[in-house]
1. Go through the range 45-59 residue by residue and turn each phi into a ³J(HN,Hα) via Karplus (6.51, -1.76, 1.60, θ = phi - 60°); whole Hz please, and just put x for glycine and proline.
2. If the only charges are +1 at each Lys and Arg Cβ and -1 at each Asp and Glu Cβ, what is the size of the charge dipole of the range 9-118 around the Cα centre, to the nearest 20 debye?
3. Give me the compactness ratio for the chain, meaning the Cα radius of gyration over 2.2 N^0.38 Å.
4. For Trp44, Trp30, which order do you get if you count the other beta carbons within 10 Å of each Cβ and list the fewest first?
5. Can you find, among Ala13, Ala81, Ser50, the residue sitting farthest towards the positive end of the charge dipole of the range 9-118, where Lys and Arg contribute +1 and Asp and Glu -1 at Cβ?
6. Through the Karplus equation 6.51 cos²θ - 1.76 cosθ + 1.60, θ set to phi - 60°, convert the phi angles of the range 91-106 into ³J(HN,Hα) values in whole Hz; use x for Gly and Pro.
7. Nearest 500 deg cm²/dmol is fine: what mean residue ellipticity at 222 nm does the chain get from its DSSP H runs of n ≥ 4 alone, each adding -39,500 (n - 2.57), divided by its residue count?
Amino acid sequence: MKAIRKTDLALIALINDLKAAERDTGAAIWRDIAERLEKPRRNWAETNLSKLERYAQDGDVIVIPGKVLAAGSIAKKVTVAAYSFSEAAAEGIKAAGGKAVSIKDLMAENPKGSKVRIMR
């Protein structure tokens, strides 16, 4: 069977950085996210703001190994890290008082991955 190879160099670099962070810190969350991003893009998480509103609590740090979309609204102050955001989703999170950051930025801020939740 032929191996599936990623062609997006930024994605390959992110996956390698996540695996290196797991080796350096021992935080298994980074390897989990890397493995999810290695899967085909059609299997990645696509999460709407309404799902964040439903399942997140104020002050949560959430990682979405995929894309955040703008369907619905959010009123909670959460930090959301994802591979990508739609423009409206990023604006909605910021308007609620939260932060929309890249996975790499979150990894730099919180290398141990403590109190980080993965949402699909």
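1. Result, ordered by residue: 6, 10, 10, 8, 4, 5, 5, 4, 4, 6, 10, 8, 10, 4, x Hz.
2. 200 debye
3. The reported ratio for this selection is 1.04.
4. Going from least to most buried by this count: Trp44, Trp30.
5. Of the listed residues, the answer is Ser50.
6. 5, x, 5, 5, 5, 7, x, x, 10, 10, 10, 7, 4, 5, 5, 5
7. -12500 deg cm²/dmol
The numbers here are math on the coordinates, done by the rules we state, and not lab data. Every value quoted in this text rests on a predicted model; they were computed, and no experiment measured them. Ideal geometry is used to build each Cβ from the backbone, glycine not excepted, and the neighbour counts take in all protein chains shown.
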